[in-house]
Amino acid sequence: MQLGILVYPQVEELDVMGPWEMVTTWSQLPSGPSSCRIVAESTQPLRCAKGLSINPDLSFASCAPLDVLIVPGGQGSRREVDNPALIDFLARQASQCQALLSVCTGAFLLHAAGLLSGRIATTHWGSLERLRSLGDVTVVEERFTRDGRIWCSAGVSAGIDLTLRYIAATAGDEVAGQVQLATEYFPSGERYGNVSLNPQAPGYLRD
């Protein structure tokens, strides 16, 4: 299995690194992918949303057909929806991908490539209404969704949950459990402060 993670300037760091950690841990097991490559428009280093520098492995031009493509979000996605090179790359890869996984506002990139129309999807809570406003996506407020070969997650850390569920669906619960144990990913559920995702409540966080 050949797996790629798409990156671009101002991509959200954890949207990339969360799935990367899960996938590369999986790759150490017999059922895991043979490779996980970072793909961008060029192989020049790029800066993520909070300043991390990433060195892509492959450019769009040099990337062979992938079996699985992960599409992260971040502030840069607002610009990249209008980048013909990126959207064309997504559409071309989608023609042979077994699965496409979007994290956070990566859903808007899938939509721009014609891959979300008529499907169920989710995105970062602060962008749910923006996704609904596109008019042809059934938007749900879930940690992650699956509609056929298209998987979507809510924001940032939700990409970890999405990737683990994809591993479970592909390689089985036991393998996903091994990845979960190796990465010690057992969220405590602890909440801090009085922030709320309810728009009517005090402390509501806005996009």
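Structure notes:
- Only listed residue being without any contact (Cβ under 8 Å) to a residue 60 or more places away in the chain, within 25 Å of THR170 (Cβ to Cβ) and in contact with a Pro (Cβ under 7 Å, 6 or more places away or on another chain), chosen from VAL39, VAL23: VAL39
- Yes/no for LEU162 being open to solvent by less than 20 Å² (accessible area, probe 1.4 Å), within 12 Å of VAL71 (Cβ to Cβ), in contact (Cβ under 8 Å) with a residue 60 or more places away in the chain and in contact with a Ser or Thr (Cβ under 7 Å, 6 or more places away or on another chain): yes
- Odd one out for SER62 among (1) farther than 21 Å from PRO187 by Cβ; (2) of a type in the set (Ser, Thr, Tyr); (3) touching a residue at least 60 places away in the same chain (Cβ under 8 Å): (3)
- For the stretch 110-140, the candidate set comprises residues that are charged (D, E, K, R) and outside any helix (DSSP H, G or I); within that set, the residue that is nearest to ILE5 (Cα to Cα) is ARG119.
- When the criteria are applied in full, SER42 fails the requirement of being closer than 19 Å to GLN10 by Cβ, in contact with a Phe, Trp or Tyr (Cβ under 9 Å, 6 or more places away or on another chain), polar (S, T, N, Q) and open to solvent by less than 30 Å² (accessible area, probe 1.4 Å).
- For beta carbons closer than 6 Å, sequence separation of 6+ or different chains, a first residue in the stretch 178-206 that is under 30 Å from ILE167 (Cβ atoms) and a second that is surrounded by 10 or more Cβ atoms within 10 Å (Cβ to Cβ) and modelled with pLDDT under 85, the qualifying pairs are LEU205/VAL195.
- Of the helices (runs of 4 or more DSSP H) lying entirely inside the stretch 4-103, the ones with 3 or more residues being among the charged types (D, E, K, R) are found at 13-26, 77-80.
- Of the residues making up the stretch 96-131, those that are more than 23 Å from THR43 (Cβ to Cβ) and open to solvent by 50 Å² or more (accessible area, probe 1.4 Å) are GLN98, GLY114, SER117, GLY118, ARG119, ILE120, TRP125, GLU129, ARG130.
The values are calculated or read from the model by the stated rules, or taken from the named source; none is laboratory data. Note that this is a predicted model, so its numbers are computed, not measured. Reconstructed Cβ throughout: ideal geometry from the backbone, glycine too, with neighbour counts over all protein chains shown. The accessibility values were calculated without ligands, DNA or RNA, using every heavy atom of the protein model including side chains. Shrake-Rupley method; radii C 1.70, N 1.55, O 1.52, S 1.80 Å.
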